[in-house]
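The structure under discussion appears below in the form of structure tokens.
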Amino acid sequence: MSVNTSKPNIKLSVADTVEEAIKNFAGSLELNAKVSIYARNSFKIGVSGGSLIKALAEDILPKVRTDFSKWKIFFCDERMVPYDHPESTFGVYKKLLLGKFPGLTEESFVPVNTSLPVEEAAKDYEQTIRSHFPYEFKDPLPPGQAHWPRFDSLLLGLGPDGHTCSLFPDHPLLKERSLWVAPIKDSPKPPPERVTITFPVIHKARNIILYLIGAGKADIIKRILVDCERLPGFYINATEPNCNVEWYLDAEAGKLIPRNEPILKEWGSEIEAFTSCTPLWNNDNERDIAY
Ligand code: 6PG
């Protein structure tokens, strides 16, 4: 796959089966971990909740050959409930992952302090993330520029309304351009109170991998990748050169994507960016990003 230096490498992989899609996703995750650990002796990853949790624990991570002791697992978003609550993303990850993968311990996780009020929890989590991503350059930041974390990988989902993390359609948070972590008190997806990373953080990631499996994802994928509806998922992208944005689907999730050129050269194989969606990244004003 050609690596262009100005834009991210956007990739759509539509596997014939769920098993193949999971293998593809695991392969990308393993490679990202290998490169990050080689380069920085650590793998700083942001994970989402929802169906990804069980898939990671049961299907994906067992296929990933890595040194889990080098992993640091952050949360792209978190519900403001106690860790032992069934809706706690950290709580479910802990329950499903701890003790299953040598090297992965409770210290591997960097949870949100959900005992705080949501506004404070967002500020506290941003400071926590800042401590893991210090500004490492000796010179002060140039005027007008901000320091952003660069996650090695962000594992994102896509809700039926096109939300990702806890960034929901038509929500003011979509325009947040200075906070790394923001509070939300009116999430349309319960529970209502959450904290979420913001789009600038998503856009600064080295790799973004989306896990989209099953017929239930087909409609929203079509709305975003084919119809180019400006839903939050439409703006899942990377602003740094040579970053990878990879959508991993099975055939059911991809069944509403036309099979004709130029979107898919052939099913079941990885293809270059879906050219029908060049509006996804056709010019700077589309990026609507000013950090
Ligand atoms: C959350 C998730 C959320 C999720 C999407 C997709 O905590 O609610 O972070 O953003 O990724 O809602 O969820 P499914 O994969 O379960 O459809």
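The values are calculated or read from the model by the stated rules, or taken from the named source; none is laboratory data. Keep in mind it's a predicted model, so treat the numbers as computed, not measured. With ideal geometry, Cβ positions are generated from the backbone for all residues, glycine too; neighbour counts draw on all protein chains shown. Only protein heavy atoms, including side chains, enter the accessible area calculation; ligands, DNA and RNA are left aside. Shrake-Rupley method; radii C 1.70, N 1.55, O 1.52, S 1.80 Å.
Considering the stretch 143-170 alone, what residues qualify as being on the phi < 0 side of the Ramachandran plot and free of Cβ contacts under 8 Å to residues at least 24 places away in the same chain?
Selection gives PRO143, HIS147.
Just the residues that are within 23 Å of PRO200 (Cα to Cα) and basic (Lys, Arg), please, taken from the stretch 70-91.
Of everything in the stretch 70-91, those that are within 23 Å of PRO200 (Cα to Cα) and basic (Lys, Arg) turn out to be LYS72, ARG79.
Confirm whether LYS54 is over 15 Å from the mean Cα position of the chain (by Cα) and surrounded by fewer than 22 Cβ atoms within 10 Å (Cβ to Cβ).
So LYS54 passes the test.
Examine the stretch 274-286 for a residue that is outside any strand (DSSP E or B), acidic (Asp, Glu), open to solvent by 20 Å² or more (accessible area, probe 1.4 Å) and modelled with pLDDT under 50, and state whether such a residue exists.
For the stretch 274-286, residues outside any strand (DSSP E or B), acidic (Asp, Glu), open to solvent by 20 Å² or more (accessible area, probe 1.4 Å) and modelled with pLDDT under 50: present.
In the stretch 174-206, how many residues are more than 12 Å from the ligand (Cβ to nearest atom) and either among the small types (Gly, Ala, Ser) or open to solvent by less than 20 Å² (accessible area, probe 1.4 Å) (or both)?
Matching residues across the stretch 174-206 total 10.
Among the residues that make up the stretch 113-121, is at least one of them open to solvent by 30 Å² or more (accessible area, probe 1.4 Å), away from the ligand (no atom under 16 Å from the Cβ) and at pLDDT below 95?
No, the stretch 113-121 contains no residue that is open to solvent by 30 Å² or more (accessible area, probe 1.4 Å), away from the ligand (no atom under 16 Å from the Cβ) and at pLDDT below 95.
Of these, VAL110, VAL81, which one is closer than 17 Å to GLY49 by Cα, of a type in the set (Val, Ile, Thr), surrounded by 15 or more Cβ atoms within 10 Å (Cβ to Cβ) and in contact with a helix residue (DSSP H, G or I) (Cβ under 7 Å, 6 or more places away or on another chain)?
Of the residues listed, the single one that is closer than 17 Å to GLY49 by Cα, of a type in the set (Val, Ile, Thr), surrounded by 15 or more Cβ atoms within 10 Å (Cβ to Cβ) and in contact with a helix residue (DSSP H, G or I) (Cβ under 7 Å, 6 or more places away or on another chain) is VAL110.
Which strands (runs of 3 or more DSSP E) sit wholly inside the stretch 26-104 and have at least 2 residues that are in contact (Cβ under 8 Å) with a residue 60 or more places away in the chain and away from the ligand (no atom under 16 Å from the Cβ)?
Those strands (runs of 3 or more DSSP E) span 43-47.
Within the stretch 207-224, work out how many residues are part of a helix (DSSP H, G or I), within 12 Å of the ligand (Cβ to nearest atom) and open to solvent by less than 10 Å² (accessible area, probe 1.4 Å).
Summing the residues that are part of a helix (DSSP H, G or I), within 12 Å of the ligand (Cβ to nearest atom) and open to solvent by less than 10 Å² (accessible area, probe 1.4 Å) in the stretch 207-224 gives 2.
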